[in-house]
């Protein structure tokens with residue numbers, strides 16, 4: 001006990017020796033030069049009163065002035081503008097055609113002619129909400145995604161020189177139109193990846209951009225930024241596309257790239273719906289006609305047609321089959337087989353689900369393909385007419 | 001009023017004692033707003049204007065209220081209050097009076113109220129015992145210095161976007177490296193003016 005007391009006494013003695021006032025406190029930082037007054041001159045109660053009154057007074061003054069200003073200078077904002085703004089994507093991508101989200105929100109509230117479904121990034125749900133707030137009608141819009149119209153990656157396309165400049169397509173294109181031999185191809189320096197406000201694009205292992213469809217909103221920023229115009233924004237359901245923009249002649253394209261469209265016209269010939277058409281050495285699929293059966297993608301000799309549908313419903317032959325062998329004759333991949341006048345079967349490994357046999361079967365015995373329901377309905381209608 | 005002395009003050013505040021490059025204050029706004037030239041310009045103009053007004057206001061409050069009341073020790077709180085009130089007030093008024101200006105510059109106002117340079121300037125005005133005109137000149141100099149820093153940085157960063165920066169240096173790390181290099185260059189101004 002005594003030890004502790006004596007220790008405390010020692011400490012206090014040491015503190016007395018350590019007189020702070022004998023040191024000159026250096027001016028540290030800003031505002032350090034306040035002159036301290038001797039303690040006797042300061043009237044604590046007065047000081048406390050003064051500071052309290054001043055602080056309270058300043059607070060009240062600012063409060064009152066700001067309140068008065070807020071009232072006097074109140075800006076009438078249509079509350080619907082704020083509500084609309086809450087629904088939008090806040091990407092300021094400009095897909096709607098306005099400078100930013102605020103401008104679009106204002107326009108859609110004030111101008112009756114502005115459509116409520118212009119904010120593609122926010123999607124259909126937001127369009128419905130905006131329509132509800134503004135009292136307009138939302139148009140049902142199919143979502144759109146960016147598609148890379150080039151498959152000529154590192155191993156597949158030829159380069160004409162080694163580019164060692166700034167890693168950006170817009171810079172690379174200045175050097176003789178880029179380092180790819182094919183002047184229509186993707187340069188692969190990732191300008192689109194950098195402009196995408198949603199992080200939907202990334203560079204794949206073969207130096208081609210990959211679109212993450214869960215993030216892509218179809219705002220068209222990448223489409224505008226790409227110096228080769230190799231990105232197209234297309235409706236989500238159109239998942240079979242000619243992923244090539246080369247308008248060179250077939251032989252020329254072959255020299256530059258293994259997966260270019262050589263304008264061989266095979267896609268146009270095999271398509272049951274007449275969707276592809278070859279114009280100026282490039283096949284283009286008419287999106288209104290295309291039923292995404294995927295037949296052209298299978299038949300394309302250079303695999304220039306990309307098919308994003310990985311699993312198609314395959315054809316199944318039902319008990320109605322009379323064994324006429326029509327399906328085996330029309331099938332482009334020789335999937336159906338069987339003896340005459342006996343029930344046929346379909347090799348599911350070969351079948352691509354193109355639906356041609358379903359449409360051609362005289363007794364509607366083939367089910368399972370994408371067009372089966374429609375074919376059956378048409379056949380039933382025909383029967384009804386014939387009966388009547 | 002000695003005009004030469006005021007000019008020296010402006011030059012000293014903007015170049016020799018540049019708040020960003022020699023004192024490393026206000027870095028959050030400096031890095032946040034210097035990505036694009038357009039925003040950097042908007043921020044510079046707004047910042048300088050707010051800085052001068054707040055310096056004048058806080059000088060008057062300090063001289064005519066706080067010194068007579070012996071409450072100089074409250075200056076940090078009071079100056080923050082003045083700046084915040086001023087910024088909020090000008091935000092409200094600008095929105096009504098000139099919406100165009102508000103949409104161009106108003107968005108930066110909220111950022112400014114929490115900046116440390118805007119507090120440091122009134123504090124050093126008091127510390128250096130500047131008069132009214134000198135305080136404003138010092139605020140102007142600091143504003144010019146900050147604008148200069150922002151504009152230099154924005155023009156470098158716009159170019160940097162295209163450069164092939166090593167992966168781990170991309171973005172903010174590279175910006176810090178560049179800031180350090182500019183700060184080194186700014187030490188060249190030291191000793192130019194001794195007040």
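The values are calculated or read from the model by the stated rules, or taken from the named source; none is laboratory data. Please read all numbers here as calculations on a predicted model, not as lab measurements. Heads up, the Cβs are rebuilt from the backbone with ideal geometry, glycines too, and the neighbour counts pull from every protein chain shown.
Can you tell me how many residues within the stretch A:347-369 are out of contact with any strand residue (DSSP E or B) (no Cβ under 7 Å at 6 or more places or on another chain), surrounded by 16 or more Cβ atoms within 10 Å (Cβ to Cβ) and over 14 Å from residue A:273 (Cα atoms)?
Within the stretch A:347-369, residues that are out of contact with any strand residue (DSSP E or B) (no Cβ under 7 Å at 6 or more places or on another chain), surrounded by 16 or more Cβ atoms within 10 Å (Cβ to Cβ) and over 14 Å from residue A:273 (Cα atoms) number 6.
Pick out, from the stretch A:258-322, the strands (runs of 3 or more DSSP E) lying fully within it that include 3 or more residues that are in contact with a strand residue (DSSP E or B) (Cβ under 9 Å, 6 or more places away or on another chain) and in contact (Cβ under 8 Å) with a residue 24 or more places away in the chain.
Numbers: elements: A:276-279, A:282-285, A:305-307.
Those strands (runs of 3 or more DSSP E) span A:282-285, A:305-307.
Check whether at least one residue in the stretch A:129-140 is buried (at least 18 other Cβ atoms within 10 Å of the Cβ), in contact (Cβ under 8 Å) with a residue 12 or more places away in the chain and within 25 Å of residue A:192 (Cα to Cα), and report yes or no.
No, there is no match, as no residue in the stretch A:129-140 is buried (at least 18 other Cβ atoms within 10 Å of the Cβ), in contact (Cβ under 8 Å) with a residue 12 or more places away in the chain and within 25 Å of residue A:192 (Cα to Cα).
Within the stretch B:110-121, identify whether any single residue is touching a helix residue (DSSP H, G or I) at 6+ places or on another chain (Cβ under 9 Å), assigned to a helix (DSSP H, G or I) and at pLDDT below 80, and answer yes or no.
For the stretch B:110-121, residues touching a helix residue (DSSP H, G or I) at 6+ places or on another chain (Cβ under 9 Å), assigned to a helix (DSSP H, G or I) and at pLDDT below 80: present.
Matching residues to (1) touching a strand residue (DSSP E or B) at 6+ places or on another chain (Cβ under 8 Å); (2) away from chain B (no Cβ under 14 Å); (3) within 26 Å of residue A:211 (Cβ to Cβ); (4) part of a helix (DSSP H, G or I):
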residue	(1), (2), (3), (4)
A:139	no, yes, yes, no
A:145	yes, yes, yes, no
A:166	no, no, yes, no
A:178	no, yes, yes, no
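Looking only at residues in the stretch A:56-67 that are more than 7 Å from every other protein chain (Cβ to nearest Cβ) and surrounded by 12 or more Cβ atoms within 10 Å (Cβ to Cβ), which one is nearest to residue B:96 (Cα to Cα)?
A:61
Would you check if there is a residue in the stretch B:137-153 being touching a helix residue (DSSP H, G or I) at 6+ places or on another chain (Cβ under 6 Å) and not in a helix (DSSP H, G or I)?
No, the stretch B:137-153 contains no residue that is touching a helix residue (DSSP H, G or I) at 6+ places or on another chain (Cβ under 6 Å) and not in a helix (DSSP H, G or I).
Scan the stretch B:67-85 and tell me whether some residue there is buried (at least 22 other Cβ atoms within 10 Å of the Cβ), in contact with a helix residue (DSSP H, G or I) (Cβ under 6 Å, 6 or more places away or on another chain), modelled with pLDDT of 85 or more and within 30 Å of residue B:175 (Cβ to Cβ).
yes
Which condition does residue A:98 not pass, out of (1) in contact with a helix residue (DSSP H, G or I) (Cβ under 6 Å, 6 or more places away or on another chain); (2) at pLDDT below 60, if it passes all the others?
Only one criterion in (1) in contact with a helix residue (DSSP H, G or I) (Cβ under 6 Å, 6 or more places away or on another chain); (2) at pLDDT below 60 is unmet by residue A:98, namely (2).
Quick check on this structure: which one of A:170, A:154 is part of a helix (DSSP H, G or I) and either within 14 Å of another protein chain (Cβ to nearest Cβ) or without any contact (Cβ under 8 Å) to a residue 60 or more places away in the chain (or both)? Even if it seems obvious, please write down each step before you answer.
Working: A:154 fails: part of a helix (DSSP H, G or I).
Among A:170, A:154, only A:170 is part of a helix (DSSP H, G or I) and either within 14 Å of another protein chain (Cβ to nearest Cβ) or without any contact (Cβ under 8 Å) to a residue 60 or more places away in the chain (or both).
Condition test on residue B:57, is it more than 30 Å from residue A:45 (Cα to Cα), more than 11 Å from every other protein chain (Cβ to nearest Cβ) and either in a helix (DSSP H, G or I) or touching a helix residue (DSSP H, G or I) at 6+ places or on another chain (Cβ under 6 Å) (or both)?
For residue B:57, the condition - more than 30 Å from residue A:45 (Cα to Cα), more than 11 Å from every other protein chain (Cβ to nearest Cβ) and either in a helix (DSSP H, G or I) or touching a helix residue (DSSP H, G or I) at 6+ places or on another chain (Cβ under 6 Å) (or both) - is not met.
How many residues are part of a helix (DSSP H, G or I) and under 30 Å from residue A:126 (Cβ atoms) if we restrict to the stretch A:58-85?
Of the residues in the stretch A:58-85, 7 are part of a helix (DSSP H, G or I) and under 30 Å from residue A:126 (Cβ atoms).
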